[in-house]
1. May I ask you to list the residues in the stretch 102-116 that are of a type outside the set (S, T, N, Q) and more than 16 Å from the chain's Cα centre (by Cα)?
2. Tell me whether the stretch 137-144 contains one or more residues that are exposed (fewer than 15 other Cβ atoms within 10 Å of the Cβ) and either assigned to a strand (DSSP E or B) or in contact with a Gly (Cβ under 6 Å, 6 or more places away or on another chain) (or both).
3. Could you tell me whether Ala104 is under 15 Å from Leu156 (Cβ atoms) and either out of contact with any helix residue (DSSP H, G or I) (no Cβ under 7 Å at 6 or more places or on another chain) or among the aliphatic types (A, V, I, L, M) (or both)?
4. Within the stretch 33-75, work out how many residues are assigned to a strand (DSSP E or B) and among the polar types (S, T, N, Q).
5. Quick check on this structure: which one of Arg128, Arg181 is assigned to a helix (DSSP H, G or I) and surrounded by fewer than 18 Cβ atoms within 10 Å (Cβ to Cβ)?
6. Which one is farthest from Arg53 (Cα to Cα), of the residues in the stretch 85-125 that are in contact (Cβ under 8 Å) with a residue 24 or more places away in the chain, part of a loop (DSSP other than H, G, I, E, B) and of a type in the set (Gly, Ala, Ser)?
Amino acid sequence: MAYSRSNSSSLQRFSVLGLAAVALAGCGSWNLFGASEPPPACPRAVVVNDLSRLTEFRPGAGRDLSDVVFSAGIERVDASCEYDRRRKVTMQTVVNVVVERGPADRSRQAQVTYFVAVADAANQILARETFTTPVKFEGNVTRMQASDEIEQVIQLGGGTGAGYKIFVGFPLSEEQLSYNRARSGS
């Protein structure tokens, strides 16, 4: 399993190229798996519900709103894939994160870490990698959006990537996970 990452500045170029490729792909019926069959389904990208929010508090016992350094949420995950003749699928996963500056922040910046994991049909994790996105709050800005494009190459033993999943979330501590669950009522 191989991972690579692009930042949001190059994301726009990839999006335009990706849209053009999708438009061209729809123009004909030829594909690597047979002239008359549609291309196989892509692995499904899933944001792990309990791990979709992160609240970072300042050190100490306080856990109310005035103690929040920053909060982040995975706003959206977009995914597309491409198969090749060597029975592998290349996933392009775009992770969109929204970060909000909290009242306890003094540095005007945040380091937001999230993970991307590939799982098989039985939800067994095959590969997992963490990525950190730096966010800088300039001037009066208190809310920022960051996007990263992650590329995963999945070698298929047989069949298609349809049974695979791409899990995305924040690697939370037990305290952060409990905080999320208490806020959501689960």
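1. If we filter the stretch 102-116 for residues that are of a type outside the set (S, T, N, Q), which is where we start, we get 102-106, 108, 110, 112, 114-116.
The answer is Gly102, Pro103, Ala104, Asp105, Arg106, Arg108, Ala110.
2. As a first pass, look at the stretch 137-144 and keep what is exposed (fewer than 15 other Cβ atoms within 10 Å of the Cβ): 138-143.
Then drop every residue that is not either assigned to a strand (DSSP E or B) or in contact with a Gly (Cβ under 6 Å, 6 or more places away or on another chain) (or both), which leaves 143.
Checked against the condition, which is being exposed (fewer than 15 other Cβ atoms within 10 Å of the Cβ) and either assigned to a strand (DSSP E or B) or in contact with a Gly (Cβ under 6 Å, 6 or more places away or on another chain) (or both), the stretch 137-144 yields at least one hit.
3. Values: under 15 Å from Leu156 (Cβ atoms): no; either out of contact with any helix residue (DSSP H, G or I) (no Cβ under 7 Å at 6 or more places or on another chain) or among the aliphatic types (A, V, I, L, M) (or both): yes.
So Ala104 does not fit the description; no.
4. The first filter runs over the stretch 33-75 and keeps only residues assigned to a strand (DSSP E or B), leaving 44-47, 53-57, 68-75.
Checking the rest, the ones that are also among the polar types (S, T, N, Q) come to 55, 71.
Summing the residues that are assigned to a strand (DSSP E or B) and among the polar types (S, T, N, Q) in the stretch 33-75 gives 2.
5. Details: Arg128 fails: assigned to a helix (DSSP H, G or I).
Exactly one of Arg128, Arg181 is assigned to a helix (DSSP H, G or I) and surrounded by fewer than 18 Cβ atoms within 10 Å (Cβ to Cβ), namely Arg181.
6. Ala121
Taken together, the values in this text are just the output of simple stated rules run on the coordinates, not laboratory data. Because the structure is a prediction, the values reported are computed rather than measured. So basically every Cβ, Gly included, is an ideal-geometry build from the backbone, and we count neighbours across all protein chains shown.
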